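A short write-up of the structure that comes next.
Values quoted throughout were computed directly from the atomic coordinates according to the rules given, and no laboratory measurement underlies them. All values reported here derive from a predicted model rather than from experimental measurement. Here the Cβ positions follow ideal geometry from the backbone for every residue, glycine too, while neighbour counts run over all protein chains shown.
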Amino acid sequence: MSEIVISTPVIANLEQLFLKHNLTKKTVVLFDENTKELFGKEILTALEKQDFKWVELVIPARETSKSFRTAYRLYGELIKAEVDRSWNLLAVGGGVVGDLGGYVAASYYRGIPVIQFPTTLLAMTDSSIGGKVAINHSQGKNLIGFFHMPELVMIDPSYLKSLPEREVYAGMAEVVKYGFIADKQFLNYVNRHFKDIIAIQEPCITEAIRQSAMIKSDVVEQDFREQSGLRATLNFGHTFAHGFEKLADYRHIRHGEAVAIGMICALHLSETLGKISRNELQEGLAVLKKFKFRRGLVRKRFKDIPAETILESMHSDKKKVDKQLRYVLLEGLGKAYLHPEPLDNRIVIKAIEAAKLSVQA
């Protein structure tokens, strides 16, 4: 598994970390426009002081950058800069930069090393860890990609102070997810310290990142290519979420916001099937009710959409098998499983309708 380094300032040790992992000091630094403005000078100055050779690439800070068109442009810039297999790629940003950077690294010259440098809570706790990298297609998200494990994941929690509150809440969805799927004690910790984590207060924020990263890393190590069904449990709430994201054209709802609503649906589906008790449902919903959504988002992107339309959109999920959706459910708080057989659409629709009544607008 990749080493995950959590420290402040993490860039102070770039040279030692690269040498430790047999990485050359020739790196392609991929930013989006936001991370370039916020952290570009600091990171490039650190590279210069530590005698790195680098090529800088910048992409638009939007989900549509995860496209073959953008990747093709980056390939051209790498070829022009005479980047070869002796180089590596440092992806600085959120999930878009991490996914696109990983995809480019996995395919350029048949694969060069990638180092993930996540700058959002969602990326620090989820997308930068585990080696799944991809670009989107008009018919679905993350449909074209690779398993390409990062050589190193570098996390600096202080970078989160630059995030808008909406982005912090979006990342918090993944943190809460780990408690639901694997560790009831961690779920309780997050519930108790929710406000401190959202406020990026130490030591709670670093502990939340550390525990989340440890849980994901452990799951990935046991089922890297998602063959046993264990890694699939990381997608708790995501089958619903991908439907919401597609209906929002991947622009009007953050991934974490969609996951938070998706987990509410998955909790109701788990309870409908008798896998969790009514008390467990209410306990889980109490955590998710702490999420703050932008005014009107829940209504426009969930409550006002017919359940049948949501279910139809969910069928774009790349994780379906033989055209059947696969649902990650709970058989207790802190214990997720991949439901082994297809579910009747009427049961899923019932769960979505129940979720509409319990989610806060």
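Can you give the % of DSSP beta bridges in region 3-161 that are antiparallel, to the nearest 5? Can you show the working numbers first?
Numbers: 5 of 27 bridges.
DSSP beta bridges in region 3-161 are roughly 20 percent antiparallel.
Arrange the following residues from fewest to most other Cβ atoms within 10 Å of their Cβ: Trp87, Trp54. Don't jump to the answer; show the numbers that get you there.
Details: Trp87 23, Trp54 17.
In order of increasing Cβ crowding within 10 Å: Trp54, Trp87.
I want the antiparallel fraction of DSSP beta bridges within the chain, as a percent rounded to 5. Spell out each step's value before the answer.
On the way: 9 of 31 bridges.
Around 30 percent antiparallel, to the nearest 5.
Pull up all non-local amide H partners of Ile59: gap of 5 or more, or a different chain, and H-to-H distance under 5 Å with H placed in the peptide plane.
Phe31, Asp32, Glu33
Rounded to the nearest 0.05, what FRET efficiency do Lys25 and Lys161 give with R0 = 22 Å and r taken as the Cβ-Cβ distance? Could you check? Before the final figure, lay out each step's value.
Working: r = 29 Å, r/R0 = 1.31.
E(calc), rounded to 0.05, equals 0.15.
Per-residue HN-Hα couplings for region 333-343, Karplus 6.51 cos²θ - 1.76 cosθ + 1.60 at θ = phi - 60°, whole Hz, x for Gly and Pro?
For region 333-343, the Karplus curve yields 5, x, 9, 9, 8, 8, 4, x, 10, x, 10 Hz.
Anything over 28 Å Cα to Cα? Flag those among Lys36/Lys335; Lys246/Lys292; Lys275/Lys300; Lys216/Lys303; Lys195/Lys335, in the order listed. Please report the intermediate quantities before stating the final value.
Working: Lys36/Lys335 40 Å; Lys246/Lys292 22 Å; Lys275/Lys300 30 Å; Lys216/Lys303 31 Å; Lys195/Lys335 25 Å.
Violating the 28 Å limit, Cα to Cα: Lys36/Lys335; Lys275/Lys300; Lys216/Lys303.
Order by neighbour count: Thr45, Thr24, fewest other Cβ atoms within 10 Å first, most last.
Arranged by neighbour count, lowest to highest, Thr45, Thr24 become Thr45, Thr24.
Return the calculated 222 nm mean residue ellipticity for the chain, to the nearest 500 deg cm²/dmol, obtained by summing -39500 (n - 2.57) across DSSP H runs with n ≥ 4 and dividing by the residue count.
Working: 13 runs with 162 residues, N = 361.
Helix contribution divided over all residues of the chain: -14000 deg cm²/dmol.
In nanometres, what is the gap between the two model label sites at Ala12 and Ser138, each 7 Å from Cα along Cα-to-Cβ?
With each label point 7 Å from Cα toward Cβ, the separation is 5.1 nm.
Pull up the cross-link candidates among the lysines for Lys41, meaning alpha carbon to alpha carbon under 27 Å and not fewer than 8 places away within one chain.
Straight-line reach from Lys41, under 27 Å: Lys20, Lys25, Lys26, Lys49, Lys53, Lys66, Lys80, Lys161.
Just grab the label-to-label distance for Glu37 and Glu202, each label 7 Å out from Cα along the Cβ direction, in nm (one decimal).
2.8 nm
Go through region 291-300 residue by residue and turn each phi into a ³J(HN,Hα) via Karplus (6.51, -1.76, 1.60, θ = phi - 60°); whole Hz please, and just put x for glycine and proline.
With the stated coefficients, region 291-300 comes to 6, 9, 10, 4, 3, x, 5, 4, 5, 6 Hz.
The chain: D in µm²/s via Stokes-Einstein (Kirkwood Rh, Cα pairs, 4 °C, 1.567 mPa s)?
On the way: Rh = 20.7 Å.
Rounded, D is 63 µm²/s.
Magnitude of the Cβ-charge dipole of the chain, K/R +1 and D/E -1, about the Cα centre, nearest 20 debye? Don't jump to the answer; show the numbers that get you there.
On the way: 49 positive and 43 negative charges, 164 e Å.
Using Cβ point charges on Lys, Arg, Asp and Glu, the chain gives about 780 debye.
Considering the chain as a Gaussian network with a 10 Å cut-off on Cα pairs, which listed residue, Lys20, Lys161, Lys275, attains the greatest mean-square fluctuation?
For the chain, modelled as a Gaussian network with Cα springs under 10 Å, the answer is Lys20.
Can you put Thr239, Thr120 in order of Cβ neighbours within 10 angstrom, beginning with the fewest? Each step should come with its number before you reach the end.
Numbers: Thr239 23, Thr120 28.
Least crowded to most crowded, the residues run Thr239, Thr120.
What's the whole-number percent of alpha carbon pairs in region 109-159 lying beyond 19 angstrom? Mind showing how you got there, number by number?
Numbers: 437 of 1275 pairs.
When all Cα pairs of region 109-159 are counted, 34 percent exceed 19 Å.
Per-residue HN-Hα couplings for region 234-242, Karplus 6.51 cos²θ - 1.76 cosθ + 1.60 at θ = phi - 60°, whole Hz, x for Gly and Pro?
Per-residue couplings from phi come out as 5, 9, 4, x, 6, 4, 5, 4, 5 Hz.
Quick check: pseudo-label points 7 Å beyond the Cα along Cα→Cβ at Glu82 and Arg294, how many nm apart are they?
4.5 nm
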